[in-house]
Amino acid sequence: MTIRVVIASYIFPPRNGPGSDRVYAYAKYLSEHGFNVTVFAPESAGNLSYPMTGFSVIRVGKSSAIVGGSIKRLSFPWLRKVAQKLALTEFYRMLPWFSSRRDESSWLADVQIAIEKFIIQFGCDLLLTSHPPSETIRLGSRIKQNFPNLHWVIDYRDLYSRNHMADYFPFVKLLLEAIEKNCLRSADAIIIASESFLVDQESLLPKGIKKIVIYNGFFRLPRVSGVKSEKNRKACVNKLVLAYTGALYNGKRDIETLLRFVGSSPSYFLNLVLFSHDEKRLVERLLDRCGVRASSINIRVNLSREETLKIQNDSDMLVVLLRKDGKDRSYPTAKLFEYISSGKPILGFGVPDSEASKILTKLNAGIFFSDIPTATDLDRLKNMTIKEEELTEYLRRSQVYNLISHIEEKYK
């Protein structure tokens, strides 16, 4: 018997980002294992160029460049902050009139129709829904209601009502939790991105649901070391070159400690690759306060993945930032695994008991600091050698095999 799997995700190649990598890995390795896989995803911009062989992709609708960006259009920062704490975008997207103004919500209705037509025509044994959870758990619950014999597996790369980057008012969080719990009650299995995340989510999960932990991971890429661009070679003579490439979440991640570290010595140079010009302006406002010289930093915005990887390869150390208040200690950010695949030392800023810190310690790949590291700390970090034998656990192929084991157990 060939098991037919349908994957639904708003994020999928060619769209850039580790969310695309994760869903692509499911499609690639499930199909290589003999499952009949069909992916439903929107048309999207991006330059992730992966071979779509061994499985089918059905494009429904188009995706925007940014998921959940409507609040960012509010003019006043204080108004934007209040709107975020009230989760206005989360509630608006549930209203029928708002779906036409929000790509993810519009996609939800269209993809449900497309998937249900597909199931009626070809059948389906397992539905795997992925990112973003706000839309895809509603999608899965609706399809499961119409096809109750379908085995529904939810992939939670991020959390929804308990999102570590969303500081909702307590009463708003309780309301979102009730909505989420109602959607989850018909699910058969859930995939969570860390053991700590699972603990955070436990009280929302229905009794009897199968729990599977699949960390964010990486595809093994060729490692390039000691190859600096001409521009960096001139700017960084006799300097320790650091790189941070990722989001700052409106300053929630601890960029200030990193900047104070860079400003503490002229022998440090920082390459910053950010997601938006708003984040760039946020950093620029902090430079004088943190003592960062213009010659010690280079800020770029919205680079392609290839350009970003070149910058990382040009650097001596890669930087991971967490929240200073520790609210994201359960979440090992996907960027962490991209860094691990490079083999370079990883300098982390955040609480030392985080899930990310535990992974770096296990792999001997880096160290987290809650404040500016000393010269002795840096020497220790430079001399760390990653434990290659431990890396297999975090390869995308190995992780998907955890899901394959669940499917085979279900259908044996």
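The values are calculated or read from the model by the stated rules, or taken from the named source; none is laboratory data. Please read these numbers as outputs of a predicted model, since none were measured by experiment. No Cβ is skipped: glycine too gets one built from the backbone with ideal geometry, and neighbour counts run over all protein chains shown.
Of all residues in the range 251-272, those being over 16 Å from residue 370 (Cα atoms) and outside any loop (DSSP other than H, G, I, E, B) number 6. Within the range 370-388, being under 23 Å from residue 254 (Cα atoms) and outside any helix (DSSP H, G or I) holds for 370, 371, 372, 373, 374. When the range 157-173 is examined, which residues are found to be among the charged types (D, E, K, R) and in a loop (DSSP other than H, G, I, E, B)? Passing the criteria: 157, 158, 162, 167.
Within the range 125-138, the residues that satisfy the criterion of being surrounded by 22 or more Cβ atoms within 10 Å (Cβ to Cβ) and either over 25 Å from the mean Cα position of the chain (by Cα) or modelled with pLDDT under 95 (or both) are 130, 131, 133, 134, 135, 136, 137.
For the range 345-358, a residue qualifies if it is touching a residue at least 40 places away in the same chain (Cβ under 8 Å) and in contact with a Gly (Cβ under 9 Å, 6 or more places away or on another chain), and the qualifying residues are 347, 350.
For the range 353-369, which positions are surrounded by fewer than 16 Cβ atoms within 10 Å (Cβ to Cβ) and assigned to a loop (DSSP other than H, G, I, E, B)?
Just the residues of the range 353-369 that are surrounded by fewer than 16 Cβ atoms within 10 Å (Cβ to Cβ), to begin with: 353, 361-362, 364.
353, 364, listed by residue number.
Taking the range 4-29 as the range and being among the aliphatic types (A, V, I, L, M) and either in contact (Cβ under 8 Å) with a residue 40 or more places away in the chain or on the phi > 0 side of the Ramachandran plot (or both) as the test, the residues that pass are 5, 6, 7, 8, 11, 23, 25.
If the requirement is being buried (at least 21 other Cβ atoms within 10 Å of the Cβ) and either among the aliphatic types (A, V, I, L, M) or touching an Asp or Glu at 6+ places or on another chain (Cβ under 7 Å) (or both), which of these qualifies: 197, 218?
Matching residue, one of 197, 218: 218.
Of all the criteria given as (1) surrounded by fewer than 16 Cβ atoms within 10 Å (Cβ to Cβ); (2) in contact with a Lys or Arg (Cβ under 6 Å, 6 or more places away or on another chain), the one not satisfied by residue 266 is (2).
If you filter the range 301-348 down to residues that are at pLDDT below 95 and touching a Pro at 6+ places or on another chain (Cβ under 9 Å), you find that the one that is farthest from residue 167 (Cα to Cα) is 316.
Just to verify a result, which residue in the range 174-218, among those that are of a type in the set (S, T, N, Q) and not in a helix (DSSP H, G or I), is nearest to residue 409 (Cα to Cα)? So, considering only residues that are of a type in the set (S, T, N, Q) and not in a helix (DSSP H, G or I), the one nearest to residue 409 (Cα to Cα) is 186. Only residues that are within 22 Å of the chain's Cα centre (by Cα), outside any loop (DSSP other than H, G, I, E, B) and among the hydrophobic types (A, V, I, L, M, F, W, C) were counted in the range 1-49, giving 10.
Residues in the range 278-295 that are assigned to a helix (DSSP H, G or I) and aliphatic (A, V, I, L, M) were compared, and the one that is farthest from residue 246 (Cα to Cα) is 294. When the residues of the range 1-34 are narrowed to those that are surrounded by fewer than 23 Cβ atoms within 10 Å (Cβ to Cβ) and among the hydrophobic types (A, V, I, L, M, F, W, C), which ends up nearest to residue 131 (Cα to Cα)? Looking at the filtered set, the residue picked out is 25. So, in the range 372-402, exactly how many residues are in contact with a Leu (Cβ under 8 Å, 6 or more places away or on another chain) and under 25 Å from residue 263 (Cβ atoms)? Residues meeting the conditions: 3.
Are any of the residues in the range 135-147 outside any loop (DSSP other than H, G, I, E, B), of a type in the set (Phe, Trp, Tyr) and without any contact (Cβ under 8 Å) to a residue 60 or more places away in the chain?
Kept after step one, since they are outside any loop (DSSP other than H, G, I, E, B), are these residues of the range 135-147: 135-146.
If we keep only those that are of a type in the set (Phe, Trp, Tyr) too, we end up with none.
Taking every residue of the range 135-147 in turn, none turns out to be outside any loop (DSSP other than H, G, I, E, B), of a type in the set (Phe, Trp, Tyr) and without any contact (Cβ under 8 Å) to a residue 60 or more places away in the chain.
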